[in-house]
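Below is one structure; the comments refer to it alone.
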Amino acid sequence: MPDAVQTDLKQKMDKAYQNLLTEYQGMRTGRAHPAMLDNVKVSAYGQQLPVHNVASVTVADARTLKVNVWDGNNLQAVESAIRKADLGVNPRTDGTTIYISLPDLTEERRSEMVKLLKKKNEDCKISIRNIRREANDQVKKQEKDKEISEDELNDSLEEIQKITDSYVTKIDDTTENKINEITTI
């Protein structure tokens, strides 16, 4: 397979996988983790900003996040954004700091999260398959344009499939680990 095609393929697939990891980090597992707020956007300074751009997020204890808002004028906006983020939490403010206590995950919430994980898993695999299709089309065009031979085409298609399979396995393993994290009480 031409190096440019292989490099492009791996970069795109790795980006899709990294996006999945980022989404998984923000999902609650019963333990406090600052990444839970990574996808929360706050309306501040006339634009939508991630929480970490207007506050520091730390772990106070295993079940509590502490959000120190740098500008007191944004405190209500941050608290409101956290409430609207559908994280299943109820933030409380002591005037300058927001505390987010994580309740125990109910069985119903755990099963909802598992469904969401499986959907994100499938969406990521669809992205990987689309990237594979683009790479296959690229090498088929190269063969049609006589840039590579038919044997090179077949080798390239096999290599593309191997790379695709390895990413699908990584995605499934990551999802399975996250499901185990969520379902473990």
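The values are calculated or read from the model by the stated rules, or taken from the named source; none is laboratory data. These numbers come from a predicted model, not from an experiment. Neighbour counts are summed over all protein chains in view; Cβ atoms, including those assigned to glycine, are modelled from backbone coordinates with ideal geometry.
Restricted to region 107-134, and to residues there that are within 30 Å of Ala55 (Cβ to Cβ) and touching a Phe, Trp or Tyr at 6+ places or on another chain (Cβ under 9 Å), the residue that is surrounded by the fewest Cβ atoms within 10 Å (Cβ to Cβ) is Lys120.
Consider region 7-53. How many of its residues are over 30 Å from Val69 (Cα atoms) and not assigned by TED's automatic domain parsing to the domain that holds Gln161?
In the first step, residues of region 7-53 are kept if they are over 30 Å from Val69 (Cα atoms); the result is 7-17.
Okay, now just the ones that are also not assigned by TED's automatic domain parsing to the domain that holds Gln161, so none.
Residues meeting the conditions: 0.
Conditions (1) touching a residue at least 40 places away in the same chain (Cβ under 8 Å); (2) assigned to a loop (DSSP other than H, G, I, E, B); (3) not assigned by TED's automatic domain parsing to the domain that holds Thr175, marked per residue:
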position	(1), (2), (3)
Val57	no, no, yes
Lys66	no, no, yes
Leu75	no, no, yes
Ser111	no, no, no
Lys115	no, no, no
Asn121	yes, no, no
Ile126	no, no, no
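Can you find even one residue in region 81-92 that is exposed (fewer than 12 other Cβ atoms within 10 Å of the Cβ) and farther than 24 Å from Thr106 by Cβ? Checking region 81-92: not a single residue is exposed (fewer than 12 other Cβ atoms within 10 Å of the Cβ) and farther than 24 Å from Thr106 by Cβ. Checking the stated criteria, Leu105 turns out to be modelled with pLDDT under 90, outside any helix (DSSP H, G or I) and closer than 30 Å to Asn90 by Cβ. Criterion applied to Lys140, Lys125, Lys170 was being basic (Lys, Arg) and at pLDDT below 95, and the one residue passing it is Lys140.
Just checking, which of Asp137, Asp104 is exposed (fewer than 15 other Cβ atoms within 10 Å of the Cβ) and touching a residue at least 40 places away in the same chain (Cβ under 8 Å)? Outline the logic, then answer.
Numbers: Asp137 fails: touching a residue at least 40 places away in the same chain (Cβ under 8 Å).
Residue meeting the stated conditions: Asp104.
Could you go through region 23-45 and let me know if any residue there is assigned to a strand (DSSP E or B), among the aliphatic types (A, V, I, L, M) and surrounded by 13 or more Cβ atoms within 10 Å (Cβ to Cβ). Yes, because at least one residue in region 23-45 is assigned to a strand (DSSP E or B), among the aliphatic types (A, V, I, L, M) and surrounded by 13 or more Cβ atoms within 10 Å (Cβ to Cβ).
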